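The values are calculated or read from the model by the stated rules, or taken from the named source; none is laboratory data. Everything numeric in this text was worked out from a predicted model, so none of it was measured. Note that we place each Cβ from the backbone using ideal geometry, even for glycine, and neighbour counts take in every protein chain shown.
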Amino acid sequence: MTIRLRAHHLLCLLTYVGKGYSPAFTANYDVIAGRLAAGEDILVVGGPDDICAPMLGDAEPHCLCESVRERDRLAADDVAALLGRPITPGVSLKLRNADLHRMRAAFSSGQVRAACVGCEWNTLCNEIAGSGYRGARFCSVAENCGDLHPAGKI
Ligand code: SF4
């Protein structure tokens, strides 16, 4: 199985701790974080993705805004430079342990934060990064997150 993700959600996943726009949004996000932690592939998409899905019934979902597409462009550039592989719609990738740790380090240092400028969640994401990603639900085998994702870990 494959999870469809827009580029800036590659960053948002790092600091996802179960908080979000609505109970339906976080319930869906929890499932996605667990599936990714269990090793499912990512398909990079342009525009709304599997994380956005619960929002798309809203009258004017922000997922469709040009500002969010710009967030995708900025995140794609940063993550592509960091991982040394293209992050464009249609690309498949799997984030393994080493990738997660590189992305976390780059996120904490600000190296991949261009997409975060102006985001309403920026303060929370800074706190999670500052805590060493405590409580992050997209987690690695070294973090003993099996209670969150019993199906597996990356
Ligand atoms: S600040 Fe916003 S764009 Fe950046 S990781 Fe957090 S939620 Fe995602």
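A few remarks follow.
- When segment 15-44 is filtered for residues that are closer than 15 Å to Ala76 by Cβ and within 16 Å of the ligand (Cβ to nearest atom), the ones remaining, listed by number, are Ile42, Val44.
- Residue in segment 57-75 that is without any contact (Cβ under 8 Å) to a residue 60 or more places away in the chain, surrounded by 13 or more Cβ atoms within 10 Å (Cβ to Cβ) and at positive phi present: no
- Any chance Thr88 is part of a loop (DSSP other than H, G, I, E, B), β-branched (Val, Ile, Thr) and either modelled with pLDDT of 85 or more or closer than 19 Å to Ala75 by Cα (or both): yes
- Long-range neighbours under 9 Å by Cβ, at least six apart or interchain, first residue free of Cβ contacts under 8 Å to residues at least 12 places away in the same chain and more than 11 Å from the ligand (Cβ to nearest atom) within segment 120-139, second among the charged types (D, E, K, R) and part of a helix (DSSP H, G or I): Gly132/Arg104
- Within segment 42-64, the residues that satisfy the criterion of being assigned to a loop (DSSP other than H, G, I, E, B) and in contact with a strand residue (DSSP E or B) (Cβ under 9 Å, 6 or more places away or on another chain) are Gly46, Gly47, Pro48, Asp49, Asp50, Ile51, Cys52.
- Residues within segment 107-124 that are assigned to a helix (DSSP H, G or I) and farther than 26 Å from Tyr21 by Cβ, tallied: 1
- So Asp78, is it of a type in the set (Asp, Glu), farther than 21 Å from Gly135 by Cα and more than 16 Å from the ligand (Cβ to nearest atom): no
- Take the conditions (1) more than 21 Å from Arg4 (Cα to Cα); (2) touching an Asp or Glu at 6+ places or on another chain (Cβ under 6 Å); His101 misses just one of them, which is (2).
- The lone criterion from (1) surrounded by 14 or more Cβ atoms within 10 Å (Cβ to Cβ); (2) at pLDDT 95 or above; (3) in contact with a helix residue (DSSP H, G or I) (Cβ under 7 Å, 6 or more places away or on another chain) left unmet by Ala24 is number (1).
- Of the criteria (1) part of a loop (DSSP other than H, G, I, E, B); (2) among the small types (Gly, Ala, Ser); (3) touching a helix residue (DSSP H, G or I) at 6+ places or on another chain (Cβ under 9 Å), which one Gly39 fails: (3)
- None of Asp50, Asp78 is under 21 Å from Thr123 (Cβ atoms) and either in contact with a Pro (Cβ under 6 Å, 6 or more places away or on another chain) or buried (at least 19 other Cβ atoms within 10 Å of the Cβ) (or both) except Asp78.
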